[in-house]
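The values are calculated or read from the model by the stated rules, or taken from the named source; none is laboratory data. Just so we're clear, the structure is a prediction, and the values are computed from it rather than from any experiment. Positions of Cβ are generated from backbone atoms using ideal geometry, with glycine treated the same way; all protein chains shown enter the neighbour counts. Side chains included, ligands, DNA and RNA excluded: accessible areas come from the protein's heavy atoms. Shrake-Rupley method; radii C 1.70, N 1.55, O 1.52, S 1.80 Å.
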Amino acid sequence: MKKITKITCFIGLKLLIFSVVGCAVLLLLSTFNVLRPQAQSWYLLLLVIGAVLVQWAVLMFVLHLRSDEEGTYCEMDTATWVLTFLPVAALFFAFLVLYVSLHSSVSFFALDFTDFIITFAVFVAVVVFCFLLSYAYRLATCGRRDSGIRFGRKKRSAKEREQEILDAKEQEKEEKGAEGIVFPDLLDMDREYLRHPYSPEASSQITLRKLCDGVNMYLESKGMFYKIDTLRSFVAGLACSHFLILEGLSGTGKTSLPKYFAEYIGSNICFTSVQASWKDRSDILGYYNDFSAKFRETPFLRALYCANYETDEINFMVLDEMNLSRVEYYFADFLSVLELDAQNWKIELMPVSTGGVLPEKLEECSIRIPQNVWFIGTANKDDSTFTITDKVYDRAIVIDFSSRSESVPSSRNLAPLHIGQSKLRSLFEEAWLTPSYALSRELRARFSEISQFILDAFDVNFGNRILNQIVRFVPVYVACGGTPAKALDIMLARKILRKLEGRFEEGLKTNLAKLEKLILREFDKSDFSDTLQTIASLKRKLL
């Protein structure tokens, strides 16, 4: 029931009760011969009470129709008020006509007006006195409170209603959380999204192959040139892991790729420059300051919190030069959480006992990592950086930027499009469910032979995590326009042979030569060019 309807019903009920009290007082006065109203005065008084009750019912009905959804604002201009009170005016006019015309001929209307006026005055005085007692009791028990009902000529806009709801919530939070505001920036975001709720934009109709081709043309229009295999690897990497590492030489476009990719598909992106002094998660997410009683919110945290509101937007969290510090120090919590089920992707920011008013999207002082977020790290290979460990590599999809592609600048100005995370996931699922994109039995057998040789010769094996990545990587890579053999080549070079870096034991070069011959026997040279190039690089380091 609307608020205004409840209040009107309550007032009408009190009016009825107080009218009964007024009639009871008149009967009491008549019993003690203080005041003896005539029967005709009683008749007219009851008619007046009936007319008032009819008017009250009409008024309640009109207020209910003219009020907003919550029943806190009612559009009542002058004309509406006049029309609302027409019933009581018509009844009183009918009473006047009847009593004037039938005063002398019908005993029911033979009224002594002086007697009625005295009777009515006493009745009204009793009713008013009862209302005053009721109001005084409410002041004594509850204090003076605004009913919250507003009348006017214009209805409130949706924005005004949202603002009132927000103000009420803020007041409730202030009364409930006297400890203060711990997350000021995140609470500001709550207010902003309450005023302007997120509405997902329709995604463009596109295939993965057209997406890769479109990104390639868009990058060329920006003066950036990449191998098409690199772009396919990037898209396929998004399909099988929420953590990608773009590794290679400085100046090869590692940072520009996610930047322009996000620009082309209309997604959100947050750049965070990793510092050499970073030691734990507080460097990336922020920390609670005991002196100010506030949480130091980082741009990374704000972007992650925003992703919880914009549920259909793709969000890239780019960690630029992520190996300036040890990744397993400041990013350890993320590496562990991303291994769990998606519903458990959350990281504690501070103990719940700290208190304070918490933002809407925090779960017991923990920030949730939604599935529309991908973490992308760029890593240089030089003496100024730390070596990325196997723990990090195994959980990520690694894309190599060992060389820069050269091309002729394009004058084409390709317009960006928009792809939501639900659309992107549907494209991935479509690729996984297409039998022709999956690894064939023959290809699996040939790849297994190579994997077994690597295990026997180098004692290098890979677990279910890497195997699952390969199974998910290959179909999406094929849907992007590549071949299954090339997809296996990329995963073998980046995920398995990388484990041989830094090894110099005896017989390694001989076994590398045997592996090279086995690959050339099982696959074409063009299909496994990345693996052959990696083997050649390992052999040169052994000279």
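Observations on the structure shown:
- Members of the stretch 196-244 found to be open to solvent by 40 Å² or more (accessible area, probe 1.4 Å), in a loop (DSSP other than H, G, I, E, B) and not aromatic (Phe, Trp, Tyr), listed by number: 196, 197, 199, 200, 201, 202, 205, 207, 222, 227
- Among the residues of the stretch 382-402, those identified as open to solvent by 50 Å² or more (accessible area, probe 1.4 Å), among the acidic types (Asp, Glu) and either touching a residue at least 40 places away in the same chain (Cβ under 8 Å) or touching a strand residue (DSSP E or B) at 6+ places or on another chain (Cβ under 7 Å) (or both) are 382, 390.
- Filtered residues of the stretch 349-381 (kept if part of a loop (DSSP other than H, G, I, E, B), without any contact (Cβ under 8 Å) to a residue 40 or more places away in the chain and open to solvent by less than 50 Å² (accessible area, probe 1.4 Å)): 365
- Given (1) under 18 Å from the mean Cα position of the chain (by Cα); (2) surrounded by 15 or more Cβ atoms within 10 Å (Cβ to Cβ); (3) not in a strand (DSSP E or B), index of the condition residue 311 fails: (2)
- Within the stretch 440-483, the residues that satisfy the criterion of being among the aromatic types (Phe, Trp, Tyr) and farther than 22 Å from residue 396 by Cα are 453, 458.
- The residue list 471, 476 contains one member that is open to solvent by 10 Å² or more (accessible area, probe 1.4 Å), under 30 Å from residue 217 (Cα atoms) and outside any loop (DSSP other than H, G, I, E, B), which is 471.
- Of all the residues in the stretch 326-339, those that are among the hydrophobic types (A, V, I, L, M, F, W, C) and farther than 15 Å from residue 374 by Cα number 2.
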